[in-house]
1. Say whether the condition of being more than 19 Å from Leu105 (Cβ to Cβ) and hydroxyl-bearing (Ser, Thr, Tyr) is met by at least one residue in the range 364-376.
2. Only one of these conditions is not met by Ser71: (1) open to solvent by less than 60 Å² (accessible area, probe 1.4 Å); (2) outside any helix (DSSP H, G or I). Which number is it?
3. Consider Ala119 carefully, then state whether it is buried (at least 20 other Cβ atoms within 10 Å of the Cβ), among the small types (Gly, Ala, Ser) and either on the phi < 0 side of the Ramachandran plot or in the same structural domain as Ala459 (by the TED database) (or both).
4. Looking only at residues that are under 14 Å from Asn568 (Cα atoms) and of a type in the set (S, T, N, Q) in the range 586-610, which one is modelled with the highest pLDDT?
5. What's the number of the condition Pro567 fails, among (1) within 40 Å of the chain's Cα centre (by Cα); (2) in a helix (DSSP H, G or I); (3) crowded, with 16+ Cβ neighbours inside 10 Å?
6. What's the number of the condition Glu604 fails, among (1) over 24 Å from Gly492 (Cβ atoms); (2) open to solvent by less than 10 Å² (accessible area, probe 1.4 Å); (3) without any contact (Cβ under 8 Å) to a residue 60 or more places away in the chain; (4) not basic (Lys, Arg)?
7. Could you figure out which of (1) open to solvent by 50 Å² or more (accessible area, probe 1.4 Å); (2) in contact (Cβ under 8 Å) with a residue 24 or more places away in the chain isn't true of Ala323?
8. Restricting attention to the range 289-308, which residues are touching a helix residue (DSSP H, G or I) at 6+ places or on another chain (Cβ under 6 Å), surrounded by fewer than 20 Cβ atoms within 10 Å (Cβ to Cβ) and β-branched (Val, Ile, Thr)?
Amino acid sequence: MKIIYATLNLLVFLSCFICSYYFLFHNPFGFTFEFNDYGQYFPAFVALSAWSLFLILRIPVNKKTTFGERSVTFVLNIFILCLLLSRYYSFANEYFTIITVVILLFIMLLTAGIGLLHALLIFFAVMFFEELYLAYKQIGQINHFSFKVSGLDIRGTLQNSGIFSWYIVSQLPFLYYLLFYMPAVRIRGKQPTLPKQIVLFLKIIKVIVFAMVFALVAVIIWKSQSRIGMIALGILLLSFFILRYGTVAKKFMYRLPKAVVLLVAGVLVAGMCYAGWYLFNLKKLSAITRLMTLDIAKEHIADHVWLGTGPGRVSWHYPQWQAQYFATHPHPPNYYFLSAGESYYLFNEYVELFFMIGLPGFIVFVFILIWFFTTRSIKYKALLQAAKLTVIAILVCGISSYSFHVTFLLLLFAFCFAIAAIVNENKWKIFRKLNLPDQLYNAVSRAIPVILIVIAGFAVYSAFGQWQAKRDWDKLRNRLDGDRAGIIAEYGRLYEVLSYDGKFLTDYGMTLLEDSADCRKASFILEEAKKYFISRITIETLAKAYKKEGDFRKAIQNYEWLCHYLPNRFGTKLELLKLYELVGDTTKARLTAHMILSMPVKIESHEVERIKGETRSILNRLIDQ
């Protein structure tokens, strides 16, 4: 039995090791509109393979599970069945697949011991220092700490300075725990005793290391101008202070005169108001974009209040909502007009979560958070506090960003919940009453593992096939030679496997469009792509396909949609103007021309001047008609 437990621990560690490394260094986003970025297939194959082995190894253990574990396992298997049977929640749905992977790892982590959790924490810390080293090099030369570098260059491997700021803030609690609270390594069951001078020296070293790390984190956040990173760091420090010194501070405040307390409260409120004003104006256009996405989304709450859009589908719905907004608001505020970009997130994870899973699901999420923050542990108090502080940092980042869509942060979030479930000593009475009677449990426990293993086996087979197809697609995209017929035939073969992957379909359609003889098939493939993945490049390529095919009506429809979705883009409006002129719709052509010449410019450039010059020429021709 010891060998089985050791193998299970190794399996859990390796699967978490591989997925967390891959998430951090190769696939940081749960969804991206870049059609050549699709990293969900490999972690899905790894996690499902580990899950299958995990189920097989667990058969001889026959350990009774809790109601919570059975509930999460039930949800997980619903997700796996969706990956196998659904069109819209298949492996091609990036975010849905990543969520499934995280749930898989979470369930396996529930069987872990404290030693395994510490091993993973050490591994996370090693990756954290690697990211800090990369950031240090990005700030300046390794031997010359320059402050002239643009903040946007400080991003580690996460491709975005804001996301990098959220990541480094979320790593501080566990690093603090590792340095100051993690138990020493035992030798033959005993902790080695060190002389007091060495203990003091090591403590000073730890304080210096943490102070240097904290200072570097603060500098990176300041240089990157990440507003949510600043807020998260501030709230993290406040939460740490409350957890450590809250009782003492409360007693001290009670002793102060009420006038002093009111004065301090007034200063704090004034400071918070100023900080809010400063942070809003720090990147004003970005802040307006966030307000705009929420304003647009609120018009569709009633459509998805009960069932939601489903995991990973908000990024498909939102572009249509934005296009609809600007189509029905011909004179929007200038700041909305200029800030409208290729958006797929709502920039508030709680609003997005509400849209994704509906009101009932959101209520369940709130109860899960309440459970997490009410967990207690005397023996592992410091570890649990570090987990809670980490979750607070991630939750704060979700107020005005998409922290739940950053793959490593999502995994770290689940890791914290696994810690809470393992060390929790505060059991809710309702869960005790929901446990199955022993006789019924024994009957169910014999049948369930077989069913789960069969489902997992099919999932592994499917995941492996799609991962291999994705690898073949990578090779195909990077081929610089080869006859076109062979390339198209290879795309056709991959289509049989990746027919629900909107990004693959977009790439397939773009390849077909290179030859006029294939433009009709290209438009068909791109229409299929629209069912799963909507982006500027998908719709733009579809419009070009219809134009090349001679179906100007549909080409105009797609260009009109693009003009509504991205109203401040001059190039898209010029293409629409040319189509109106081509079909002889002079009324709409003149309106579009005047719009191009009068619309505000987001960024002045020679390209904008060229487009305006060409628009004047077209308008002159229209006037002469």
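The values are calculated or read from the model by the stated rules, or taken from the named source; none is laboratory data. In this text the structure is predicted, and so the values were computed from the model without any measurement. Virtual Cβ from ideal backbone geometry, glycine too; neighbours counted across all protein chains shown. In case anyone asks, the SASA skips ligands and DNA or RNA and just uses the protein heavy atoms, side chains included. Shrake-Rupley method; radii C 1.70, N 1.55, O 1.52, S 1.80 Å.
1. yes
2. Evaluating Ser71 over (1) open to solvent by less than 60 Å² (accessible area, probe 1.4 Å); (2) outside any helix (DSSP H, G or I) leaves (2) as the failure.
3. Details: buried (at least 20 other Cβ atoms within 10 Å of the Cβ): no; among the small types (Gly, Ala, Ser): yes; either on the phi < 0 side of the Ramachandran plot or in the same structural domain as Ala459 (by the TED database) (or both): yes.
So Ala119 fails the test.
4. Per the stated criteria, the residue is Thr592.
5. Unmet condition: (2).
6. (2)
7. Here Ala323 meets the rest and fails (1).
8. If the condition is that a residue be touching a helix residue (DSSP H, G or I) at 6+ places or on another chain (Cβ under 6 Å), surrounded by fewer than 20 Cβ atoms within 10 Å (Cβ to Cβ) and β-branched (Val, Ile, Thr), then Thr289, Val305 are the ones that fit.
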